[in-house]
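Here the structure is laid out as C-alpha cells; the discussion comes afterwards.
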Amino acid sequence: MKTSRKCRTLLSVTLNFFALFFSITAFLTNYWCVGTQRVPKPKCSKLRTHQCIDYGVNETDPNKVVYSWETGDDRFLFRQFHTGIWYSCEENIDDESEMCRSFIDLAPPSEKGMLWLSLISELLYIVLLLVGFSLMCLELVHSSNVIDGLKLNAFAAVFTVLSGLLGMVAHVMYTQVFQVTVSLGPPDWRPYNWDYGWSFCMAWASFTFCMGASVTTLNSYTKTVIEFRHKRKTFEQSIREEHAQEAFGYFRERSLHSISKSVEVYSSQTLNSGRKTPIPADSLDLSDIHASLGEEQC
C-alpha cells in the first residue's frame, strides 16, 4: 500500500510540475498568436532600394507626375508579428529589429476589463498550481504517515482542480479578447492573417497536465481511503475471530474440566457402593455354618 501510494503521488507531482512549467513559460512569452500584417511599402530612397515603391524623379521637370504601376498586394509589405498576454511585437520595416507595444493598449476599451480579468485568472492559476505542487511534495515527504498524507492529498486535489478551472477560463477569455482586437483594434496593427502560436499551445498543454494531476490526485486519495478501510475492516474481523477463538477455547476448557470432575465424582460413588460391609464375628452361628456345609457336600 505504501509503495503504490508513493508511486501515485510521484506521478501527480510530475504532472503538476509540467503544468506549472508550461503555464509560467506561456505567461511570460509573447507567442500566443502569430501572423502577418500588411503595411504599405515605403518610398524608395538612397538608403532603401528594395521592398519600396520607386515613384521616380524627373530632374528636368519636377512638376511632372510619375506613376507607379504596382497594384494589389504588390503595393504592400507583409511583416511578421507575434502577440502575448503582455506585449505585441512586429518587425520594423526600416531595419531588422522589432517594435513592441502593450497589448493592453491595443485592446478595444470594451475588452480591457475582460483582458484584466484574464490576467488575474492566469496569475491565480499559477499561484494555485504552485500551492498544489508544494502540498504534493509535502505528501511525498510524509508518505509514512497515512492520515497526514490523506489530508495533504485532499487539499492538493482541491487546489489543483480550482487552478485548472481558472486556467481554462483565463485562456478562453484571452482568446475572445484577441479575436475582438483583430476586428476592432488599431488599423496599423490589425493582422492580415494569424494563427495560434506555441505559447498558446503550451498554455493548453499546461491545463491538460493540470487536469491529469488533479484526476491522479483524486484517484490516489480515493484508492488510499478504500485500501485503508479494507485493511481496517480486515484487522477488525481478524480481532473478532481471535476473540471468538479465545472464548471458544475458554468455554471448551471449562466444559472439559466440569465433565472430568463429574466423572471423578461418579467413579468414587460407584466404588463406595460396590464395597462389601464386614459382618461381626459375634453374630455368626457355627451350627448354621456346619449345616450349610453338609448340605453342600450332599
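Where a number appears in this text, it was derived from the coordinates with a stated rule and is not lab data. Please read these numbers as outputs of a predicted model, since none were measured by experiment. Here the Cβ positions follow ideal geometry from the backbone for every residue, glycine too, while neighbour counts run over all protein chains shown.
Please work out the FRET efficiency for the pair C201 and I147, using the Cβ-Cβ distance as r and a Förster radius of 35 Å; give the result to the nearest 0.05.
Result of the calculation: an efficiency of 0.30.
Rounded, prolate or oblate: which fits the range 94-147 when a ≥ b ≥ c are the square roots of the eigenvalues of the alpha-carbon gyration tensor, with rounded for a/c under 1.5 and prolate only if a/b beats b/c?
Oblate is the answer for the range 94-147, as a/c is 1.5 or above yet b/c matches or exceeds a/b.
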